[in-house]
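The values are calculated or read from the model by the stated rules, or taken from the named source; none is laboratory data. Treat the numbers as computed from the prediction; the structure is a model and nothing was measured. Here Cβ is always computed from backbone atoms with ideal geometry, including for glycine, and neighbour counts include all displayed protein chains. Ligands, DNA and RNA are excluded from the accessible area calculation, which covers all protein heavy atoms including side chains. Shrake-Rupley method; radii C 1.70, N 1.55, O 1.52, S 1.80 Å.
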Amino acid sequence: MCAVRYWRAAEPKTTYEVVIVGGGGHGLATAYSLAKRHGITDVCVVEKGWLAGGNMARNTTIIRSNYLWEESAAIYEHSLKLWEGLEEELGVDVEFSPRGVLNLAHDLGEVRSSMRRVHANRLNGVDAEWLTPEDVAAFCPLINISPSLRYPVLGATLQRRGGTARHDKVAWAYATRASELGVDIVEHAEVTGFLRGPGGRVEGVSTSRGEIRGAKVALAAAGHTSELAAMVGLRLPLQSHPLQALVSALYEPILDCVVMSNKVHVYVSQADKGELVMGAGIDAYNGYAQRGSFHVIEEQLAAAVELFAIFAHAKLLRTWGGIVDVCPDASPIVGWSGIDGLFLNCGWGTGGFKATPAAGWAYAETIATGEPSELVRPFSLERFTTGALIDEHGAAAVAH
Amino acid sequence: MLLIRCPWCGPRDEIEFRYGGQAHIAYPADPDALSDADWADFLFMRDNPRGPFRERWYHVHGCRRWFNAVRDTSTHRFVATYRIDEEPV
Ligand SMILES: Cc1cc2nc3c(=O)[nH]c(=O)nc-3n(C[C@H](O)[C@H](O)[C@H](O)COP(=O)(O)OP(=O)(O)OC[C@H]3O[C@@H](n4cnc5c(N)ncnc54)[C@H](O)[C@@H]3O)c2cc1C
Ligand SMILES: [Zn+2]
């Protein structure tokens with residue numbers, strides 16, 4: 001493990017080539033990729049709070065690439081390959097742990113769609129296996145495969161290369177390396193408006209720490225994207241929802257893989273320290289309060305206890321929420337906004353942590369060249385007009 | 001859990017309700033005249049403010065009626081709930 005040298009706290013200059021709004025995983029990975037791959041180092045990341053204190057600090061860190069559709073498989077698989085080389089690339093131990101991800105199937109419909117996904121994954125070069133209930137029990141002995149459960153385990157898909165990583169370390173590593181390459185990271189500067197030039201061109205941002213000009217402005221603000229877009233009169237197909245997660249007290253190692261269930265809606269892994277990390281589905285309503293309703297936690301725990309009887313003894317340590325930006329087709333939007341000078345990276349919703357390396361890679365290329373990277377070409381804002389949606393609702397197992 | 005005042009049944013627990021997204025989006029008067037961009041706007045584009053938001057709720061495990069609400073998305077606090085045929089107070 002290399003010693004980590006952290007980023008410089010920069011004073012904002014008046015002008016940059018690229019201004020990135022949002023210092024979460026995506027903004028930082030984009031800044032790093034602009035500097036590293038495209039030689040664009042005159043970059044400023046503007047963050048309203050502290051670095052990576054948004055969804056980046058709140059997610060349950062599940063990484064996998066077994067999405068159904070080709071467009072999704074391409075970008076998430078590229079991301080997984082980048083994860084596999086990330087510690088070498090950044091020279092930091094980000095605790096990437098490919099421990100295997102199980103997606104359980106609980107009824108005949110789920111069995112069929114899971115098998116279909118396994119085949120689709122294999123055709124797209126994504127590792128995927130179908131496990132019978134007995135295989136599931138062999139892979140993860142803790143799971144209750146009794147047929148008498150209300151939602152019995154009828155099988156599961158397994159992606160062995162999937163797993164988890166330490167979210168904070170990922171953000172800090174990108175920030176550190178980007179900063180070394182010359183990127184300015186400015187925390188506690190909230191973007192409150194956009195500077196407009198001839199023809200409405202976006203030429204920079206107004207922030208709580210003054211105006212910052214940028215030839216290109218790139219949003220990476222996750223759940224807050226609609227608020228920012230509204231400042232330039234842009235309406236997006238996004239809704240911001242609370243998404244909650246929780247951890248238990250610390251326990252001995254009992255679970256060495258990631259288990260996800262769409263039907264009963266819980267996903268769980270055990271952190272190295274020993275907490276059981278669990279997440280649920282979104283709260284149905286729109287919300288910016290970074291908290292949700294307790295019945296969502298209650299339902300998720302009921303599901304977890306049915307699948308893992310031993311969890312009934314676990315003590316809940318804390319719960320929290322993030323603000324996730326969800327698209328109607330549960331796929332992201334990456335590319336040009338339709339307004340000169342302004343780029344969008346949003347709509348990653350409940351599942352963008354795993355995409356961090358590839359989102360940074362592809363967004364940086366799009367910003368640097370002005371042309372969409374092939375990986376994100378299908379994820380344009382235009383798809384809502386052409387109708388070429390990429391429907392990953394349900395198709396991609398649980399959406400995290 | 002939110003306590004939601006159904007205009008017909010009074011205050012009830014959130015678990016009795018289903019969320020219906022942004023309110024007051026009327027079906028296009030002349031669908032044949034819509035361009036692809038107009039359709040995208042009607043089908044997919046939505047307001048997503050931080051602050052007061054007019055939205056629809058469905059009392060699915062109660063009177064099974066739809067109604068509208070104004071709710072502050074920054075606090076989740078309901079400002080008002082009102083019947084479909086009413087204006088918010
Ligand atoms: C509870 C939970 C569990 C999740 N689990 C998973 C999972 O298991 N696997 C997975 O792949 N994904 C998961 N996700 C989703 C994932 O966290 C997000 O998709 C991803 O983090 C979004 O990209 P980001 O890191 O850049 O976002 P963020 O970290 O939210 O970054 C956006 C940044 O923009 C800043 N910002 C916003 N507005 C402004 C402004 N006006 N001015 C300046 N800065 C601004 C914010 O402060 C924030 O730091 C989960 C999310 C949550 C909430
Ligand atoms: Zn009612």
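Tabulated values for the structure
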read-out: Buried area at the B-A interface (accessible, heavy atoms, 1.4 Å probe, summed, Å²); value: 2200 Å²
read-out: Two-decimal ratio, segment A:279-400, of alpha-carbon radius of gyration to 2.2 N^0.38 Å; value: 1.30
read-out: Whole-percent carbon and sulfur share, accessible surface of the protein assembly as shown, 1.4 Å; value: 53 percent
read-out: A:ASP340 - accessible surface, heavy atoms, 1.4 Å probe, Å² rounded to 10; value: 80 Å²
read-out: Percentage relative contact order, segment A:182-315, counting C-alpha pairs under 8 Å, at least six apart; value: 17 percent
read-out: Local electrostatic count, A:ARG235, Cβ distance below 13 Å [Lys/Arg +1, Asp/Glu -1]; value: -3
read-out: Spacing of the two label points (7 Å from each Cα toward its C-beta) at B:ARG77 and A:ALA215, in nm; value: 4.8 nm
read-out: Centroid-to-centroid separation of segment A:278-333 and segment B:8-71 [C-alpha atoms, Å]; value: 23 Å
read-out: For segment A:282-291, 3J(HN,Hα) per residue [Karplus equation, 6.51 cos²θ - 1.76 cosθ + 1.60, θ = phi - 60°, Hz, x = Gly/Pro]; value: 5, 6, 5, 7, 6, x, 10, 8, 6, 7
read-out: Normalised contact order of segment A:79-147, rounded percent, pairs of Cα under 8 Å and 6 or more residues apart; value: 13 percent
read-out: Per-residue [θ]222 nm for chain A (sum of -39500 (n - 2.57) over DSSP H runs n ≥ 4, rounded to 500); value: -8500 deg cm²/dmol
read-out: Within-10-Å neighbourhood charge of A:LEU51 [Cβ basis; K, R +1; D, E -1]; value: -3
read-out: GNM top mover of B:PHE67, B:PHE42, B:PHE53 - chain B, alpha-carbon springs below 10 Å; value: B:PHE42
read-out: Probe 1.4 Å, accessible area per residue of segment A:305-400, Å²; value: 34 Å²
read-out: Length released on extending from A:ARG116 to A:LEU316, taking residue separation times 0.36 nm less the Cα-Cα span; value: 68.4 nm
read-out: Sequence of A:LEU154, A:LEU255 when ordered by accessible area, the most exposed leading, probe 1.4 angstrom; value: A:LEU154, A:LEU255
read-out: Residue-averaged beta-carbon neighbours from other chains (10 angstrom radius) around B:71-82; value: 3
read-out: Test item: B:13-21 mean partner chain Cβ contacts at 10 Å; value: 3
read-out: Percentage, to the nearest whole number, of Cα pairs in segment A:203-273 over 21 Å apart; value: 55 percent
read-out: Residues of segment A:235-268 buried by at least 10 Å² on assembly (accessible area, 1.4 Å probe, chain alone as reference); value: A:ARG235, A:LEU236, A:PRO237, A:GLN239
read-out: Residues of type lysines that A:LYS354 reaches as a straight line, Cα spacing below 29 Å, ignoring anything fewer than 8 places off in the same chain; value: A:LYS36, A:LYS48, A:LYS81, A:LYS169, A:LYS216, A:LYS263, A:LYS273, A:LYS315
read-out: Relative contact order, percent, chain A [alpha-carbon distance under 8 Å, six or more residues apart]; value: 24 percent
read-out: FRET E, pair A:ARG37, A:ASP127, Förster distance 25 Å, beta-carbon r, rounded to 0.05; value: 0.40
read-out: A:ASP329, B:ASP13, ranked by accessible area, largest first (probe 1.4 Å); value: B:ASP13, A:ASP329
read-out: The protein assembly as shown pair-distance distribution - Cα-Cα, 10 Å bins, rounded %; value: 4, 19, 29, 27, 16, 4, 0
read-out: For A:289-302, mean number of other protein chain Cβ atoms within 10 Å; value: 2
read-out: By accessible area with a 1.4 Å probe, ligands and nucleic acids excluded, highest first: order of A:LEU316, A:LEU381, A:LEU158; value: A:LEU316, A:LEU381, A:LEU158
read-out: Solvent-accessible area of A:LYS36 with every protein chain in place, 1.4 Å probe, in Å² to the nearest 10; value: 110 Å²
read-out: Highest-fluctuation residue, A:LEU344, A:LEU82, A:LEU51 considered, GNM on chain A with Cα pairs under 10 Å; value: A:LEU82
read-out: Area accessible to solvent at B:ASP72, 1.4 Å probe radius, in Å²; value: 40 Å²
read-out: Charge context of A:GLY335, other residues only, Cβ under 14 angstrom, K/R +1, D/E -1; value: -3
read-out: Semi-axes of the equivalent ellipsoid for chain B, Cα gyration tensor, largest first, Å; value: 27, 15, 11
read-out: Max mean-square fluctuation residue, GNM over chain A, Cα-Cα springs under 10 Å, options A:PRO357, A:PRO141, A:PRO133; value: A:PRO141
